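Here the structure is laid out as structure tokens; the discussion comes afterwards.
The values are calculated or read from the model by the stated rules, or taken from the named source; none is laboratory data. Quick caveat, the model's predicted, so the values are computed rather than measured. For neighbour counting, all protein chains shown are included, and Cβ atoms are generated from backbone atoms with ideal geometry for every residue, glycine included.
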Amino acid sequence: MILTTPRLILRPWTDDDLDVFAAMHADPAVMVDMAALDREESAAKLARYRGNYDRLGYSRWAMTDLDGAFLGYVGLNPLDSDHPCGPGAEIGWRLTRAAWGHGYVTEGAKASLKDAFERIGLTEVVSFTAPDNARSQAVMGRLNLTREPARDFTAPYPGGDWSGLVWVARPPSDDTP
């Protein structure tokens, strides 16, 4: 399964992705919202993404340009019932620093949401970010996600509690103009 947009390829992960995936997660600027990951932690995260795809048919997608250059990831992550927004699916993204500011996340997230509703058949996808992450909040606005403050949460994460502001995407209704 591969999704394409005018500028992007969204595809499942391969073993060959570990080097660029780990480099992205080692960049402190990219990981400003949480601690940078070492190669072993990145390998474990990549294995989780691959396992989710094998088990559920969806996951975060490896995102490349049309020439195959790695840009980051975008797509769905399953949320277990013990997550404050779970059970369900969350859309999220992370880009290499060189890919910032080009609209790739919005383009890739739109394709991911379309896939979530049309192929996978989800009826809701959540997204959440820290209160100070203005860039992700701007993307959520461009995606026309609905802000749902009643679902905001604080949860324990490695390194301390983390607070998330929640937005929700639902499939377009038949009566949408």
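Miscellaneous remarks
- Residue satisfying condition, being surrounded by fewer than 19 Cβ atoms within 10 Å (Cβ to Cβ), more than 18 Å from Met31 (Cβ to Cβ), in contact with a Ser or Thr (Cβ under 7 Å, 6 or more places away or on another chain) and of a type outside the set (Ser, Thr, Tyr), within set Arg142, Arg119: Arg142
- Strands (runs of 3 or more DSSP E) enclosed by region 44-151 - at least 1 residues per element that are among the acidic types (Asp, Glu) and over 16 Å from Arg7 (Cα atoms): 88-95
- Of the numbered criteria (1) modelled with pLDDT of 95 or more; (2) assigned to a helix (DSSP H, G or I), the one Trp167 fails is (2).
- Going through (1) without any contact (Cβ under 8 Å) to a residue 60 or more places away in the chain; (2) buried (at least 19 other Cβ atoms within 10 Å of the Cβ); (3) among the polar types (S, T, N, Q) one by one, Thr106 falls short only on (2).
- Residue check, Ser163 among the hydroxyl-bearing types (Ser, Thr, Tyr), surrounded by 11 or more Cβ atoms within 10 Å (Cβ to Cβ), more than 28 Å from Asp54 (Cβ to Cβ) and touching a strand residue (DSSP E or B) at 6+ places or on another chain (Cβ under 9 Å): yes
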